[in-house]
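Trainee: Pasting a structure below so you can have a look.
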Amino acid sequence: MKSVALHSLLKRALSKSFLIVLFFTISLSSYSQDVDAARQSEGRKLYKSLCASCHKLDRKLVGPALGNVEERRENEWLLAWIKNNAELRASGDRDAIAIYEEYNGAAMSAFPQLSDDQINDILYYTTVGDPVKTPVVGIDGAADGGEGQGSSPQWIIYLLAGAIVVAFLMIASLLKQVNELKGNTAPGSKSNLKRDLHELWEGVKGNTFLHVVTTIFVLLMGAYIAFGTLFKVGVNEGYMPLQPIAFSHKIHSGENKIECQYCHSSAKHSKHSGIPSVNVCMNCHMNIAEVAEGTQVEWDGVTYGKAELDKEIAKIYEASGWDPEALEYTGEEKPIKWIRIHNLPDFAYFNHSQHVTVGGIECQKCHGPVEEYDEMRQFSPLTMGWCINCHRETNVDLKGNEYYEKIHKELAQKYGVEQVTIAQLGGLECGKCHY
């Protein structure tokens, strides 16, 4: 009879364990289904094409962070602000004026062409965020390195961890009841802790189901950590080396509004953007030997004031061989040993002119809000998945070319879309980026 009772207890324990794990799985699945996928997708597309160059969901960029912005502002106010923020400021709205002043009078683009539904889709996306996606290898052979914040391996790991915890609890409960059946302890009385722990350990060692689940969990966790570590090799996002001269993009590009391509002139007609020569610096600094009073720069954790920054300008004079007293070149030049920040592997081909001149992409899309940097850093990961996502999300701008307009119209009909993306035009072909 005791054997039958033990068998029955074991069966009930495993059944309860299975039901609890199933409940958690259904709960997680039902949570993911609460998101309106159609609105999320449409909002994400509009956000990426219209907002992403100036805003991020989780932190400030050129403008404020937009994550959960509907919790901070009324919908009616957001509609008015996005459609025409200048008109809203002119009406005397205090919040609109405060935001304008907080960001030093940087005017946000107006979007009167957007309908209320389109704006609400964008706002919906800022609330729910990116979709949770499983990396999939498509028919083009490229892995989808999507921006989703979750993936199947994580779900499996959490599920298995929960199953292990539940199994431990069930075994502890089962052993307690076994002791009661054996007569070692009366029902409801306190048992000997040392003996219970020993019997629990013996039960764990003899439980095949728990061994299998634990082995799978350890293997998946090991693979997850290993692949996560390997995929970070060569990804230098945030890399910010100390340069030989304390050059501030914030002063030059931000405060003085110097166009990026004035210094990086080769970006519009060459593969490389190029490092400006000292002669480019001297076009201005031949007549600017010192900074304005009160100028400060945060450099390597240290605040540089006027005295320190004037010495940095003197380094340019030394490199170019310029005598600021005699106002002439001495001919004694020295190279400035700038440290390269952005560097792609040799097997990856990238052409700046193709993106800047033909594609019309702003520098900030890849390099971030450079006009806010004192120290230049690598803003984007520059990974293959990051490039592929951009190609999949960026529409082709025909710019009134009638010849290509016909071809693109046929491609749009083929793919069932209104506008062809770079990926649909061949932007995922291996030979485009790899020799």
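The values are calculated or read from the model by the stated rules, or taken from the named source; none is laboratory data. Quick caveat: nothing in here was measured; it's all calculated off a predicted structure. Don't worry about glycine lacking a Cβ; one is built from the backbone with ideal geometry, like all the others, and counts go over all protein chains shown. Calculation scope for accessible area: heavy atoms of the full protein, side chains included, ligands and nucleic acids excluded. Shrake-Rupley method; radii C 1.70, N 1.55, O 1.52, S 1.80 Å.
Trainee: Do you know which of the residues in the stretch 265-290 that are open to solvent by less than 70 Å² (accessible area, probe 1.4 Å) and free of Cβ contacts under 8 Å to residues at least 24 places away in the same chain is nearest to the chain's Cα centre (by Cα)?
Mentor: Selected residue: GLY274.
Trainee: Related question: Which residues, counting only those in the stretch 224-257, are assigned to a loop (DSSP other than H, G, I, E, B) and surrounded by fewer than 12 Cβ atoms within 10 Å (Cβ to Cβ)?
Mentor: If the condition is that a residue be assigned to a loop (DSSP other than H, G, I, E, B) and surrounded by fewer than 12 Cβ atoms within 10 Å (Cβ to Cβ), then VAL233, GLY238, LEU242, ASN256, LYS257 are the ones that fit.
Trainee: Also: Could you give every pair whose Cβ atoms fall below 7 Å, whose first residue belongs to the stretch 117-146 and is closer than 25 Å to GLN424 by Cα, and whose second residue is aromatic (Phe, Trp, Tyr) and at pLDDT 50 or above, counting only separations of at least 6 or pairs across chains?
Mentor: ILE122/TYR47; TYR125/TYR47; GLY145/TRP386
Trainee: Cβ contacts < 6 Å: first residue more than 30 Å from VAL233 (Cα to Cα), restricted to the stretch 326-345; second residue assigned to a strand (DSSP E or B) and at pLDDT below 95, any location; separation 6+ or different chain. Result?
Mentor: Pairs found: TYR329/TRP322; THR330/ASP323.
Trainee: For the stretch 399-435, what are the residues that are within 26 Å of PRO345 (Cα to Cα) and modelled with pLDDT under 80?
Mentor: Correct list: TYR435 only.
Trainee: Continuing with this model, one more query. Of all residues in the stretch 399-418, which are buried (at least 16 other Cβ atoms within 10 Å of the Cβ) and in a loop (DSSP other than H, G, I, E, B)?
Mentor: Within the stretch 399-418, no residue meets the criteria.
Trainee: Separate question: Name the residue that is most open to solvent (accessible area, probe 1.4 Å), counting only residues in the stretch 301-331 that are acidic (Asp, Glu) and under 21 Å from ILE275 (Cα atoms).
Mentor: Restricting to residues being acidic (Asp, Glu) and under 21 Å from ILE275 (Cα atoms), the top hit is GLU318.
Trainee: If you take the residues of the stretch 299-338 that are part of a loop (DSSP other than H, G, I, E, B) and of a type in the set (Val, Ile, Thr), which of them is farthest from the chain's Cα centre (by Cα)?
Mentor: Here the answer is THR330.
Trainee: Next up: Of the residues that sit in the stretch 204-219 and are among the polar types (S, T, N, Q) and in contact with a helix residue (DSSP H, G or I) (Cβ under 9 Å, 6 or more places away or on another chain), which one is least open to solvent (accessible area, probe 1.4 Å)?
Mentor: Step by step, filter the stretch 204-219, then rank; the result is ASN207.
Trainee: Could I ask something else about it? Restricting the stretch 40-63 to residues that are more than 17 Å from ALA110 (Cβ to Cβ) and assigned to a loop (DSSP other than H, G, I, E, B), which is least open to solvent (accessible area, probe 1.4 Å)?
Mentor: LEU61
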